[in-house]
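The values are calculated or read from the model by the stated rules, or taken from the named source; none is laboratory data. The shown structure was predicted, so the numbers you read here are calculated from the model rather than taken from an experiment. A quick note on method: Cβ atoms are made from the backbone with ideal geometry, for glycine too, and the neighbour counts reach across all protein chains shown. These accessible areas exclude ligands, DNA and RNA; they are computed on the full protein's heavy atoms, side chains included. Shrake-Rupley method; radii C 1.70, N 1.55, O 1.52, S 1.80 Å.
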Amino acid sequence: MSADQVRQTMDAYVEALLARGDYGRFFAQDIAFSIVGTDQQLTGAQGAEQAIRFMHEVAFDARPEVVRAVVDERGAAAEAVFVGTHVAEFAGVAATGNAVRVPYSVFYDVDGGLITGLRIYMPMDQLIAQIGQTVTTAA
């Protein structure tokens, strides 16, 4: 694929992700998905979509803020910020309602118009620290 074709695929994927639409259609059936540094590794389009939906729609009401992206003919890399609210149990912590804002990077392998690999580098310790803090309000 050309870098332009990869960019078109990634732009459409991000648009669907932000709309909470059918972004799974951009995943190859045997996509390799991982959150690097954790035991979150799986293969398969359905599992990858479920993992992303869990983070963005179940445990958190969150969206990525894309800071920048770099694309070539084999894939893309994105720098982003995970921004949202902790709304359900995550890592053993019940919903706190805490706001979260955690920087992360994602590397995508793209072939034939489909994402074949997706590796997330996210400082989970920062995310857990942000949900573990209790929110105090002024009396």
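Miscellaneous remarks
- The listed residue being more than 17 Å from Thr9 (Cβ to Cβ) and open to solvent by 20 Å² or more (accessible area, probe 1.4 Å), out of His86, His56: His56
- Positions within region 18-68 being part of a helix (DSSP H, G or I) and aromatic (Phe, Trp, Tyr), in sequence order: Tyr23, Phe26, Phe54
- Any hit, region 111-118, residues being free of Cβ contacts under 8 Å to residues at least 40 places away in the same chain and either touching a strand residue (DSSP E or B) at 6+ places or on another chain (Cβ under 8 Å) or more than 18 Å from Gln8 (Cα to Cα) (or both): no
- Scope region 89-123; condition loosely packed, with under 15 Cβ neighbours inside 10 Å and not in a strand (DSSP E or B); matching residues: Glu89, Ala91, Gly92, Ala94, Ala95, Gly97, Gly112, Gly113, Pro123
Yes/no per residue for (1) among the hydroxyl-bearing types (Ser, Thr, Tyr); (2) within 16 Å of Leu118 (Cα to Cα); (3) in contact with a helix residue (DSSP H, G or I) (Cβ under 8 Å, 6 or more places away or on another chain):
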| site | (1), (2), (3) |
| --- | --- |
| Leu18 | no, no, no |
| Ile31 | no, yes, yes |
| Gln40 | no, yes, yes |
| Thr43 | yes, yes, no |
| Glu57 | no, no, no |
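- Residues of region 85-115 satisfying the condition of being within 15 Å of the chain's Cα centre (by Cα) and under 15 Å from Arg7 (Cα atoms): Val106, Phe107, Tyr108, Asp109, Ile115
- Residues that are of a type outside the set (A, V, I, L, M), open to solvent by 20 Å² or more (accessible area, probe 1.4 Å) and free of Cβ contacts under 8 Å to residues at least 60 places away in the same chain within region 71-83 comprise just one, Glu79.
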